[in-house]
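Encoded as structure tokens, the structure appears first; notes follow it.
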Amino acid sequence: MIGRRRMLGLGVGALGLVAATRKGMEGTGDWRWGVDYGAATDPALARRYDLLVLEPHHPRPIAPLRGPRSRLLGYVSLGEVERGRSYVTTLDRVGALLAPNPNWPDARHVDLRHPEWTRVLIEEAIPAILALGYDGIFMDTLDNAEAMERQDPRRNKGMVAAGAALVAAVRARFPRILMMLNRGYAALPEVAPHIDYLLGESMASRWSFAGKRYETLSDADWLWQAERLRAARVRNPRLGLTTLDYWDPGDRRTVAALYARERAAGFHPYVATLALDHLVAEPAG
């Protein structure tokens, strides 16, 4: 799951909603997307992307990062909350926070069933992102709900359904913004009609936390995700399908092969390092 890169939540200005029109990139031919959670995004490179996911809490203007037809999305985590976010204290006080994520200790799982979490997202977190000029949001870590429910079915009963309801509530409150979801496959039958883009993360390659290296995945692993992406598009024919693979950018041949594989399958790919702290241009040629 992407995001969770130890970003500190910084203060934002007065809230206000952008007058965004919910119009994605599907039907506009070939388009490219990327993600950068770093604080020093290269404007020249950023403007090459048609869809760009950014960490919204860096104190910087985003207009220089916007290309001629760019859609800019601000990152928000649905299934866990980082220590530095401004609303952590509130969530902790009401009992909405759960155990830390073992791979990202600065982040704690959140109880998606808790009404305070829905309120924080709809009244604070998302309006703050839109007030900065973003066209919408990128929603990460929804698949935590499935993992928690599988690990402890009794204690976490209803977590997936709550995640689906949360996405529906966000759409109802912000009907015109663009919404992109990372995975969240267990909730997709209910969620697909509400979103504009769906991301399959680590489709063909990933970072191994155990082995401390990039590694390729099996064809069966790739197909498992591809089938779910395509099934979501059946539910929502306008859905933009994107992929994210992780690999060493110095290995240009493998990076190019990853792009080619995903594009041949009809997806819109991006290949980057695990840190996602800068944009990595696709190899030329």
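The residues of the range 100-148 that are over 19 Å from LEU198 (Cβ atoms), touching a residue at least 12 places away in the same chain (Cβ under 8 Å) and of a type in the set (D, E, K, R), listed by number, are ASP106, ARG108, ASP111, ARG113, GLU116, GLU124.
Conditions (1) over 24 Å from ASP36 (Cβ atoms); (2) among the hydroxyl-bearing types (Ser, Thr, Tyr), marked per residue:
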{"site": "VAL110", "(1), (2)": "yes, no"}
{"site": "LEU121", "(1), (2)": "no, no"}
{"site": "ILE126", "(1), (2)": "no, no"}
{"site": "LEU130", "(1), (2)": "no, no"}
{"site": "TYR134", "(1), (2)": "no, yes"}
{"site": "PHE138", "(1), (2)": "no, no"}
{"site": "ASN144", "(1), (2)": "no, no"}
{"site": "ASN156", "(1), (2)": "yes, no"}
{"site": "ALA164", "(1), (2)": "yes, no"}
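With respect to TRP222, determine if the residue is free of Cβ contacts under 8 Å to residues at least 60 places away in the same chain, of a type outside the set (Lys, Arg) and closer than 27 Å to ALA40 by Cβ. No; evaluated as a whole, the condition is false for this residue.
Yes/no per residue for (1) more than 16 Å from the chain's Cα centre (by Cα); (2) modelled with pLDDT of 95 or more:
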residue: ALA44; (1), (2): yes, yes
residue: ARG71; (1), (2): no, yes
residue: ARG85; (1), (2): yes, no
residue: ASN101; (1), (2): yes, no
residue: PRO115; (1), (2): yes, yes
residue: LEU142; (1), (2): no, yes
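Looking at GLY133, GLY95, can you tell me which residue is open to solvent by 10 Å² or more (accessible area, probe 1.4 Å), under 20 Å from GLU55 (Cβ atoms) and assigned to a loop (DSSP other than H, G, I, E, B)? From the options GLY133, GLY95, the qualifying one is GLY133. Among the candidates MET139, MET159, the residue that is surrounded by 15 or more Cβ atoms within 10 Å (Cβ to Cβ), closer than 25 Å to TYR185 by Cα and touching a helix residue (DSSP H, G or I) at 6+ places or on another chain (Cβ under 6 Å) is uniquely MET159.
Filtering the range 270-285 down to residues that are touching a Leu at 6+ places or on another chain (Cβ under 8 Å) and farther than 16 Å from GLU201 by Cα, which residue is least open to solvent (accessible area, probe 1.4 Å)? In this case the residue turns out to be LEU279. Within the range 111-136, the set of residues being among the hydroxyl-bearing types (Ser, Thr, Tyr) and out of contact with any helix residue (DSSP H, G or I) (no Cβ under 9 Å at 6 or more places or on another chain) comprises TYR134 only. Taking the criterion of being touching an Asp or Glu at 6+ places or on another chain (Cβ under 9 Å) and within 25 Å of GLU227 (Cβ to Cβ), would at least one residue in the range 149-159 satisfy it? Yes, there is a match, as at least one residue in the range 149-159 is touching an Asp or Glu at 6+ places or on another chain (Cβ under 9 Å) and within 25 Å of GLU227 (Cβ to Cβ).
The values are calculated or read from the model by the stated rules, or taken from the named source; none is laboratory data. All values reported here derive from a predicted model rather than from experimental measurement. Because the Cβ atoms are built from the backbone with ideal geometry, glycine has one as well, and the counts that use them run over all protein chains shown. When the accessible area is computed, the model is the full protein with side chains, heavy atoms only, and any ligands, DNA or RNA have been set aside. Shrake-Rupley method; radii C 1.70, N 1.55, O 1.52, S 1.80 Å.
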